[in-house]
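Take a look at the structure set out below.
The values are calculated or read from the model by the stated rules, or taken from the named source; none is laboratory data. This is a predicted model, so every value here is computed, not measured. We place every Cβ from the backbone using ideal geometry, glycine too, and count neighbours over all the protein chains shown. Areas reflect the complete protein model, heavy atoms only, side chains present, ligands, DNA and RNA absent. Shrake-Rupley method; radii C 1.70, N 1.55, O 1.52, S 1.80 Å.
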Amino acid sequence: MSLKYYYDLMSQPSRALHIILKMSNVQFEDCPVALRKGEHMTEEFKQNVNRFQRVPCIIDDGLKLAESIAILRYLSAKGKIPEYLYPKYFLEQARVDEFLEWQHITLRITCSIYFRSIWLDPLLTGVRPSNEKIEKLKNLMEANLDIIENIWLQKTDFLTGQRLTVADIFAACEIEQTRLADYDVRIKYPKIKAWLKRVRAGCNPHYDNAHTYIYKISGTAPNAKL
């Protein structure tokens with residue numbers, strides 16, 4: 001098996017790529033990396049796996065490649081990702097790429113900072129952020145959730161049209177991470193709530209398998225009632 005996949009399912013893009021690989025029936029060597037133990041920060045990992053010391057990443061026939069979107073596009077070019085998930089027709093692919101480029105500096109960064117500030121950093125340091133900081137970070141995150149609710153999902157069942165694509169998987173994994181910070185997106189955003197159900201249904205059983213830790217640690221079942 002030439003493809004090695006390095007990941008931690010506590011990482012949002014790691015989960016997204018894991019789901020996509022499983023849905024695509026891509027055969028890969030399972031290489032979990034425990035971020036909480038600092039396994040990515042060793043000199044061996046830096047020299048032999050990923051010079052940036054992050055996950056997800058792959059090694060494929062000697063090629064070392066980092067960054068989830070770069071990995072996605074590489075595997076798609078090799079014919080490993082089905083067209084229904086990542087279209088090859090340039091107009092449909094452009095729509096998916098439009099979202100992937102947009103979300104990286106909007107939805108991803110604000111959801112990640114909220115999660116880190118409210119859950120991860122206090123876990124590591126024992127210091128909780130002030131209520132003012134929490135409110136500020138929530139407002140920044142919700143500004144992008146508003147865009148998902150009112151623009152990306154304005155007229156379609158999924159983010160780039162009427163079919164599930166990798167855009168939905170990457171976005172859903174970012175939003176699911178906020179469960180750990182006691183944020184329930186379903187309360188304020190009915191379209192996102194319905195969309196998450198569609199994404200989960202379209203990706204299962206791989207979606208629930210990838211989110212097992214998130215469900216367990218947050219204490220929230222995937223279909224729990226409000």
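Against the definition (within 23 Å of Ser112 (Cα to Cα), modelled with pLDDT of 95 or more and assigned to a helix (DSSP H, G or I)), how does Ser76 come out, yes or no?
When the stated conditions are applied, Ser76 does not pass them.
For the range 91-122: of the residues being farther than 15 Å from Leu159 by Cβ and of a type outside the set (A, V, I, L, M, F, W, C), which is nearest to the chain's Cα centre (by Cα)?
Within the range 91-122, the match that is nearest to the chain's Cα centre (by Cα) is Ser112.
When you go through Ala194, Ala167, Ala171 one by one, which is the residue that is touching an Asp or Glu at 6+ places or on another chain (Cβ under 9 Å) and open to solvent by less than 20 Å² (accessible area, probe 1.4 Å)?
Being touching an Asp or Glu at 6+ places or on another chain (Cβ under 9 Å) and open to solvent by less than 20 Å² (accessible area, probe 1.4 Å) holds for just one of Ala194, Ala167, Ala171, which is Ala167.
Table: residues versus (1) of a type outside the set (A, V, I, L, M); (2) surrounded by 14 or more Cβ atoms within 10 Å (Cβ to Cβ); (3) within 13 Å of Phe170 (Cβ to Cβ); (4) modelled with pLDDT of 95 or more.
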{"site": "Ser24", "(1), (2), (3), (4)": "yes, yes, no, yes"}
{"site": "Gln27", "(1), (2), (3), (4)": "yes, no, no, yes"}
{"site": "Leu35", "(1), (2), (3), (4)": "no, yes, no, no"}
{"site": "Lys46", "(1), (2), (3), (4)": "yes, no, no, yes"}
{"site": "Leu65", "(1), (2), (3), (4)": "no, yes, no, yes"}
{"site": "Pro87", "(1), (2), (3), (4)": "yes, yes, no, yes"}
{"site": "Gln93", "(1), (2), (3), (4)": "yes, yes, no, yes"}
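Kindly list, by first and then second residue, each pair from a residue in the range 99-125 that is in the same structural domain as Val185 (by TED's automatic domain parsing) to a residue that is surrounded by fewer than 19 Cβ atoms within 10 Å (Cβ to Cβ) and small (Gly, Ala, Ser), limited to pairs with Cβ atoms under 9 Å and residues at least 6 apart or on different chains.
Final answer for the pair search is Thr106/Ala143; Thr110/Ala143.
Inspect all residues belonging to the range 190-211 and state whether any of them is touching a Phe, Trp or Tyr at 6+ places or on another chain (Cβ under 6 Å) and either touching a residue at least 60 places away in the same chain (Cβ under 8 Å) or aliphatic (A, V, I, L, M) (or both).
no
Is the range 133-145 home to any residue that is more than 18 Å from the chain's Cα centre (by Cα), on the phi > 0 side of the Ramachandran plot and surrounded by fewer than 20 Cβ atoms within 10 Å (Cβ to Cβ)?
no
Conditions: (1) farther than 21 Å from His211 by Cβ; (2) assigned to a helix (DSSP H, G or I); (3) over 17 Å from the mean Cα position of the chain (by Cα). Arg51 meets all but one. Number of the miss?
Here Arg51 meets the rest and fails (2).
Which number in (1) of a type in the set (S, T, N, Q); (2) open to solvent by 80 Å² or more (accessible area, probe 1.4 Å); (3) farther than 25 Å from Leu72 by Cα marks the one condition that Gln162 misses?
Gln162 satisfies all of (1) of a type in the set (S, T, N, Q); (2) open to solvent by 80 Å² or more (accessible area, probe 1.4 Å); (3) farther than 25 Å from Leu72 by Cα except (3).
Using the structure shown, decide if Glu176 is of a type in the set (D, E, K, R), surrounded by 19 or more Cβ atoms within 10 Å (Cβ to Cβ) and assigned to a helix (DSSP H, G or I).
So Glu176 fits the description; yes.
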